[in-house]
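Asker: One structure, as structure tokens, below. Some questions next.
The values are calculated or read from the model by the stated rules, or taken from the named source; none is laboratory data. Predicted model only: the values in this text are computed from it and were never measured. In this analysis, Cβ positions are derived from the backbone assuming ideal geometry, glycine residues included, and neighbour counts consider all displayed protein chains. For accessibility, only protein heavy atoms count, side chains too; no ligands or nucleic acids. Shrake-Rupley method; radii C 1.70, N 1.55, O 1.52, S 1.80 Å.
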Amino acid sequence: MATPADGALTPVTAFALVGALGVGSQWLAWKLRLPAIVLMLAAGLLIGPVLGVFDPVRDIGPLMTPMISIAVAIILFEGGLTLNIHSLVGAAEGVRRLVVLGAPLGWLTSTLALHYVAGLDWGSAAVFGGILIVTGPTVIAPLLRTARLQRRPSALLQWEAIVNDPVGALAAVLAFEVLVVTQSDLEAGHAIWELVRGIGFATLIGVAAGWGISQSFKRGKVPEYMKVPVLFALLLGTFALADTMLHESGLLAVTIMGIWIANADLPSYAEMRRFKEHATILLVSGVFILLAASMNLDTLSVLTWRAGLFVVVIIVLARPVSVLLALSFTKVPWKERLLVAFTGPRGVVLVAVAGLFGERITALGMEDGAIIAPLAFVIVTATVVLHGFTLAPLARLLGLTAAGQPGVVIVGGSPFAKAMAEVLDKLDVPVLISDYNLARLRAARNAGVKTFYGDILSETAEFGLDLIGYEKVIAATDNDAYNTLVATDLAPEYGRENVFQLRRDNPETGRHSLPSTLGGKRFVGGLTYGELQQKIREGWQLRSTRLSDEFTIENFRDRNPDGILVGELQDRNGLRIFEFNPDEAPEPSKEARLIHLSPKSETASRPAEDEAAAQD
């Protein structure tokens, strides 16, 4: 085995460093509620051009280019998996306009800015302009959580980022196919034929791979435990086959393959998509660290004053013009149009795809391909930092910030659900009660609680309900199996720490116990549905009590020895639901609003001064 040069890392050490920094940056960004791309950019630049610890070309060598190519192929495939036609058809008018009209307009305005302002040739500008359609779904989510927008503008920004992610990549791939043909010095007729043949061939391979995998999965030709490995292997095979038979057609083929699978209505689609999301996080982190570490003064020196002017034009002209034109003559209020128009952070996918296409454009003999990767870094850094600091103030200025706390979805229209919703409503916490039995929702609807008639796991709920403002789920129906199904299915989306369900009957016996991977956390004292309803019938009530220096948790427990703690609302940290643990009683925070289930007699027997001091 060859010995690395002085100061160089071995490939294994280099891969370990990239993985640790990429995933570590993602985790730290989640912890600090910051865009992960900012931390990954800092980490890549620190170990690369600043300290010189890691040089991808030196330490990885010829493996770097094929690694980035495969990683981008998987990223684009995962993007295709998000493009479900049902989501677009069932989306609001504003989202459809941002995709159907906004994406082509964004492509056009970005291409014009790249050509006339940044100075790129038309071919390079068209390719990079297509990539600029992508507004960064991995970046917009933490910004929305921090800014806490109202539901409609938040949904517009989030859905635009999700749907336009594969659309932008597809536009860039198509533009690159055109560029490859036009640079081949073919006659006009022959060039058009080569272009049509290339796009048609890639489409055929992508459709064939998507159809084949869908049919084999539906007919049980592949065992469940092998579905993800088979999908992964076929993805790589499709990419390699298309690229081998017709150069540069692999990215288009895998994108179309992903779109086909997304619309094939596969029973295993959710598991496959989650696996691909996990793989994409790893790959996006790795590619971005690699590209950031590859930056050096020579690379950045190719940028001139045009780069700064280009960023300004994209932010204040190209993006607003395309959005405002797309949303014209719609029912979206003008304030929301302005917020969406001036919010367009670009993310890691843009940098990864732009870096790959920049190299390939340079390989075609076009010198301006070398400018694409540095320009991508500049636009991503500028937009993430700018929107990270301005989104919340702009939303407050326009009056589009959400009032109250992040909400709770309660599955099951029981008297307990209605009582819980009424208590949370008084504390300005949004609540949605879902049930597939309309009669069970009648009491909640009469009380003014927002309800959804249908199955919370249905496609109607997934594409028709605006669930962005909710961060916790409580499964509290009279069906233990359904509660477990809801908690298990929604846990990856909401986070297992935010999904709760009532205790099942006889869960501790070996015959009925379930593994920890199924179901949600127990709460409300570990009561079953029957036990909880019995207490409600006996007059137990859900109430909220404010803790303070004068009325502490010890005072509460003295007054309510039989009371069951359900949760608390803190001014800064929002709603916390207590997980039931028989060996460990939850300890509420000081000066919080305590939510509890207490016997009516105990709460009624309090002295008047205690009620005034403690009870809301």
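Asker: Taking the stated definitions as given, is Gly567 open to solvent by 10 Å² or more (accessible area, probe 1.4 Å), small (Gly, Ala, Ser) and either closer than 18 Å to Ile410 by Cα or free of Cβ contacts under 8 Å to residues at least 40 places away in the same chain (or both)?
Answerer: No.
Asker: (1) closer than 21 Å to Gln501 by Cα; (2) open to solvent by 50 Å² or more (accessible area, probe 1.4 Å); (3) in a loop (DSSP other than H, G, I, E, B): which one isn't true of Gly413, the others all being true?
Answerer: Failed condition: (2).
Asker: OK, next. Going through region 27-53 one residue at a time, which ones are buried (at least 23 other Cβ atoms within 10 Å of the Cβ) and either in contact with an Asp or Glu (Cβ under 7 Å, 6 or more places away or on another chain) or closer than 20 Å to Leu356 by Cα (or both)?
Answerer: Initially, region 27-53 is screened for residues buried (at least 23 other Cβ atoms within 10 Å of the Cβ), giving 35-37, 40-41, 43-44.
Ile37, Met40, Leu41, Gly44, listed by residue number.
Asker: Answer yes if at least one residue in region 246-260 is part of a helix (DSSP H, G or I), modelled with pLDDT under 70 and closer than 24 Å to Gly347 by Cβ, and no otherwise.
Answerer: Looking for residues that are part of a helix (DSSP H, G or I), modelled with pLDDT under 70 and closer than 24 Å to Gly347 by Cβ, one finds none in region 246-260, hence no.
Asker: Checking the structure you have, find out if any residue of region 526-536 is surrounded by 15 or more Cβ atoms within 10 Å (Cβ to Cβ), among the aliphatic types (A, V, I, L, M), at pLDDT 85 or above and part of a loop (DSSP other than H, G, I, E, B).
Answerer: Among the residues of region 526-536, at least one is surrounded by 15 or more Cβ atoms within 10 Å (Cβ to Cβ), among the aliphatic types (A, V, I, L, M), at pLDDT 85 or above and part of a loop (DSSP other than H, G, I, E, B), which makes the answer yes.
Asker: Hey, another quick one. Considering region 355-370 alone, what residues qualify as being farther than 14 Å from Ser294 by Cα and aliphatic (A, V, I, L, M)?
Answerer: Those that are farther than 14 Å from Ser294 by Cα and aliphatic (A, V, I, L, M): Ile361, Ala363, Leu364, Met366.
Asker: Can you name the helices (runs of 4 or more DSSP H) wholly within region 436-498 that have at least 1 residues being within 23 Å of Gly574 (Cβ to Cβ) and touching a residue at least 24 places away in the same chain (Cβ under 8 Å)?
Answerer: 442-446, 480-494
Asker: Look through Leu350, Leu338 and report the one residue that is open to solvent by less than 50 Å² (accessible area, probe 1.4 Å) and either in a helix (DSSP H, G or I) or in contact (Cβ under 8 Å) with a residue 60 or more places away in the chain (or both).
Answerer: Just a single option satisfies the conditions, and that option is Leu350.
Asker: Let me ask you something else. Restricting to region 93-146, and then to whatever is open to solvent by 20 Å² or more (accessible area, probe 1.4 Å), assigned to a loop (DSSP other than H, G, I, E, B) and touching a Lys or Arg at 6+ places or on another chain (Cβ under 8 Å), can you tell me which residue is modelled with the highest pLDDT?
Answerer: Val117
Asker: Now for a separate question. Among the numbered conditions (1) at pLDDT below 85; (2) under 30 Å from Arg337 (Cβ atoms), tell me where Ala370 comes up short.
Answerer: All conditions are met except number (2).
Asker: With the requirement that a residue be assigned to a helix (DSSP H, G or I) and open to solvent by 50 Å² or more (accessible area, probe 1.4 Å), what does region 319-335 give you?
Answerer: Let us first name the residues in region 319-335 that are assigned to a helix (DSSP H, G or I), namely 319-326, 334-335.
Residues satisfying the conditions are Val321, Leu324, Leu325, Trp334, Lys335.
Asker: Does Val380 satisfy being crowded, with 24+ Cβ neighbours inside 10 Å and within 23 Å of the chain's Cα centre (by Cα)?
Answerer: Working: crowded, with 24+ Cβ neighbours inside 10 Å: yes; within 23 Å of the chain's Cα centre (by Cα): yes.
Considered against the rule, which asks whether it is crowded, with 24+ Cβ neighbours inside 10 Å and within 23 Å of the chain's Cα centre (by Cα), Val380 comes out as yes.
Asker: Continuing with this model, one more query. Here are Glu160, Glu194: which of them is of a type in the set (Asp, Glu) and modelled with pLDDT of 80 or more? Step through it out loud before you land on a result.
Answerer: On the way: Glu194 fails: modelled with pLDDT of 80 or more.
One residue alone meets the criteria, Glu160.
Asker: Take the residues in region 301-318 that are among the aliphatic types (A, V, I, L, M) and outside any helix (DSSP H, G or I); name whichever of them is surrounded by the fewest Cβ atoms within 10 Å (Cβ to Cβ).
Answerer: Per the criteria, the residue is Val302.
Asker: Here is a follow-up. Can you pull out every residue in region 353-376 that is in a helix (DSSP H, G or I) and open to solvent by 10 Å² or more (accessible area, probe 1.4 Å)?
Answerer: Passing the criteria: Glu359, Arg360, Thr362, Ala363, Ala370, Ile371, Ala373.
Asker: Looking at the structure I just gave you, is Ala155 under 22 Å from the mean Cα position of the chain (by Cα), under 23 Å from Ile74 (Cα atoms), part of a helix (DSSP H, G or I) and at pLDDT below 80?
Answerer: Details: under 22 Å from the mean Cα position of the chain (by Cα): yes; under 23 Å from Ile74 (Cα atoms): no; part of a helix (DSSP H, G or I): yes; at pLDDT below 80: yes.
Spelling it out, it is not the case that Ala155 is under 22 Å from the mean Cα position of the chain (by Cα), under 23 Å from Ile74 (Cα atoms), part of a helix (DSSP H, G or I) and at pLDDT below 80.
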